[in-house]
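*Asks:* Handing you this structure, nothing more for now.
The values are calculated or read from the model by the stated rules, or taken from the named source; none is laboratory data. A quick note: this is a predicted structure, and the numbers were derived from the prediction, not measured. Glycine also receives a Cβ, built like all others from the backbone with ideal geometry; neighbour counts cover every protein chain displayed.
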Amino acid sequence: MFKFSIRKTIITSMVFLLSAILPISSFAAFQCSVKVIKVLVYSTGTVNIMHSGRNDYTVICNLNFNSGDVTPVTCAMWTAMLQSIKKKDGTAVFYFNEDGTCATMNIYEKAPIPIYIGDV
């Protein structure tokens with residue numbers, strides 16, 4: 001009886017420890033290494049881009065107000081960087097913290113907001 005109680009306590013402790021360590025749901029992320037085709041800045045402050053990974057327009061941020069965690073200052077920096085990448089025919093990296101792929105992500109205002117954008 002005593003051995004069974006210790007074994008049960010150990011198993012219960014292991015299950016509790018694993019449940020605390022492992023995420024409850026899986027979450028994927030994806031990134032796109034792409035050529036920037038177009039950078040549009042609307043009078044409303046919306047920044048809309050077209051890149052080779054999607055071949056359609058995706059809104060990345062707004063220069064007048066926060067878009068998710070992206071502030072207008074970050075948005076302005078991203079816009080300038082993307083214009084520079086486009087001008088030099090470089091490659092931009094977009095990282096998204098959600099499920100998807102570059103080719104199938106939503107477009108226009110329904111596009112995911114990047115976690116970061118880089119110049120590689």
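*Asks:* Between residues in segment 32-46 that are of a type in the set (G, A, S) and residues that are part of a strand (DSSP E or B), which pairs lie under 8 Å by C-beta distance while being six or more apart or on different chains?
*Replies:* S33/T91; S33/A92; S33/V93; G45/N62
*Asks:* Scan A76, A111, A92, A80 and give me the residue that is at pLDDT 95 or above, under 18 Å from N48 (Cβ atoms), in a loop (DSSP other than H, G, I, E, B) and among the aliphatic types (A, V, I, L, M).
*Replies:* Numbers: A76 fails: in a loop (DSSP other than H, G, I, E, B); A92 fails: in a loop (DSSP other than H, G, I, E, B); A80 fails: in a loop (DSSP other than H, G, I, E, B).
One residue alone meets the criteria, A111.
Here is a yes/no grid of residues against (1) surrounded by 10 or more Cβ atoms within 10 Å (Cβ to Cβ); (2) part of a strand (DSSP E or B); (3) at pLDDT below 95; (4) among the acidic types (D, E):
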| position | (1), (2), (3), (4) |
| --- | --- |
| K3 | no, no, yes, no |
| T9 | yes, no, yes, no |
| V15 | yes, no, yes, no |
| A20 | no, no, yes, no |
| V59 | yes, yes, no, no |
| N64 | yes, no, no, no |
| K86 | yes, no, no, no |
